[in-house]
Amino acid sequence: MLRVLIIKPSSLGDIIHALQVAQSLRAQTGDVEIDWVAAKAFAPLVKACAVVDDVYEFDRHGSVATFAKLCQQIRQKKYDWALDMQGLARSAMLLAAAKATHKARRADSREGAALLCRLKPKLPPKGRHSHALDVLLQFLPLLGCKAELAPEPLEFLHPAQMNWPADLAARAPVVMFPDSRVKKKEWSGFYDLTVKLMKDRPDLTIVWAGSNGPEPELDWPEARFVNLLGRTKLDALPELIKMARLVICNDSGPLHLSAAMHKPVIGLFGPTDHERFGPYPLNSPRHAVIRAPNGKLNLLSHEIVLMEVVKRLKG
């Protein structure tokens, strides 16, 4: 059996990309055990993913003693490969601590991480301007595999306790994620888009979800609108996304999670480059990317997004 340790503590979108690489590794090699180092905030989602066997929790706000204890935990097990997919100083130290026959770090490592490990995969043809997932896929040839995704959607097990209506899955809702980890990536038009859809499409149930965001002042019954902002655990998101007929997101982790689960998704992009951070693969007919004029999300009208939503709902 091949034993692999993947070090990818954060962030959510990057973890989803790395999980897809792990999924491809398992599909191509078969008999493989994959352990993971994940930040405490993201560990529940990583534990729920079907491709991961065990998870070490990394506390980024912990003490030096806490970090040393994590290094000791990692050293209790022998690996064939340890892969630093984060490429930063602390992940490089965790890679150095791991007992592995082979170790590799990102080709675009920063913060001096390259000093602790020489082996690295090649960058894709577009170099540092490649899609973030293409960069991580280049780890696979080091392990004798092809740098390609598995054909199946990413699967999650053991969902968290749900806090939405029992019949929500039967309604196949449109799920919107109005927030993003970075404020400048947040589109302010979700409210107007929701109001228009609620008036024009009485058959739809719309869900707002995410860790935080603007509280919607919508006077509709729960049969039409469900507000889950700040009320849904991270490891419950796969189950919510799985039931959606369409997902609408800013450039955020849920965007990449939806794409990895093969759900139809509309991504709204402003200052970030959709060629590097858009839903993967960029040419999938399931995905649509709407770019804000001049990269400014405040210039993106809800009418433009509505046209794409209507088109996708007809498909």
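Numbers for the structure displayed
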| read-out | value |
| --- | --- |
| Hydrodynamic radius (Kirkwood) for the range 55-170, which is based on Cα pairs only, to one decimal in Å | 16.6 |
| DSSP-assigned coil residues among trypsin sites (Lys or Arg not before Pro) in the range 42-112, each with at most 16 further Cβ atoms within 10 Å | R60, R75, K77, R110 |
| Karplus 3J(HN,Hα) series, Hz, for the range 220-229 with 6.51 cos²θ - 1.76 cosθ + 1.60 (x for Gly, Pro) | 10, x, 4, 5, 10, 9, 10, 9, 10, 4 |
| Net charge dipole size for the range 1-112 [Lys, Arg +1 and Asp, Glu -1 on Cβ; Debye, nearest 20] | 280 |
| At 1.002 mPa s and 20 °C, Stokes D of the range 142-238 from Kirkwood alpha-carbon radius, µm² per second | 138 |
| With all protein chains modelled, accessible area of S211 [1.4 Å, Å²] | 90 |
| Neighbour net charge for I304 - beta-carbon separation under 15 angstrom, K R +1, D E -1 | +2 |
| Chain lengthening between T29 and R286 when straightened (0.36 nm per residue, less Cα-Cα) | 89.7 nm |
| Exceeding the 21 Å Cα-Cα cut-off - candidates K40/K122; K8/K122; K40/K184; K146/K242; K199/K314; K78/K103 | K40/K122; K40/K184; K146/K242 |
| 15 Å beta-carbon shell around L70, net charge (K/R +1, D/E -1) | +3 |
| GluC sites (Glu not before Pro) within the range 164-272, DSSP loop, no more than 15 other Cβ atoms inside 10 Å | E217, E222 |
| Gyration tensor verdict on the range 147-201 (Cα atoms; rounded if a/c is under 1.5, prolate if a/b is larger than b/c, oblate otherwise) | oblate |
| Relative contact order (percent, whole number), the range 58-109, Cα cutoff 8 Å, 6+ residue spacing | 37 |
| Sparse-neighbourhood loop sites, trypsin sites (Lys or Arg not before Pro) in the range 111-163 - DSSP loop, at most 13 other Cβ within 10 angstrom | R118, K122, K126, K146 |
| Net charge, A169 excluded, C-beta distance under 12 Å - Lys, Arg +1, Asp, Glu -1 | +1 |
| Accessible-area order (highest first, 1.4 angstrom probe) of the listed residues H17, H129 | H129, H17 |
| Nearest-20 debye value, the chain charge dipole, Cβ charges on Lys, Arg, Asp, Glu | 920 |
| Length-normalised contact order for the range 107-247 - Cα pairs under 8 Å, 6+ apart - percent | 24 |
| Residues in the range 257-292 reached by a label modelled at K242 [backbone nitrogen below 17 Å; 7 Å Cα→Cβ] | 257-264 |
| Whether the range 60-121 is rounded, prolate or oblate, judged on the alpha carbon gyration tensor where a/c under 1.5 counts as rounded | oblate |
| Cα-projected label distance for D167 with H102, points at 7 Å along beta-carbon direction, nm | 5.5 |
| Accessible area of the chain belonging to carbon and sulfur atoms, whole % at 1.4 Å probe | 50 |
| Most to least accessible of M261, M307 (protein chains only, probe 1.4 Å) | M307, M261 |
| The chain: calculated mean residue ellipticity at 222 nm from DSSP helix runs of at least 4, using -39500 (n - 2.57) | -8500 deg cm²/dmol |
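The values are calculated or read from the model by the stated rules, or taken from the named source; none is laboratory data. All values derive from a computational prediction rather than experimental measurement. We place every Cβ from the backbone using ideal geometry, glycine too, and count neighbours over all the protein chains shown. Each accessible area value is taken on the protein alone, full model and side chains, heavy atoms only, with ligands, DNA and RNA left out. Shrake-Rupley method; radii C 1.70, N 1.55, O 1.52, S 1.80 Å.
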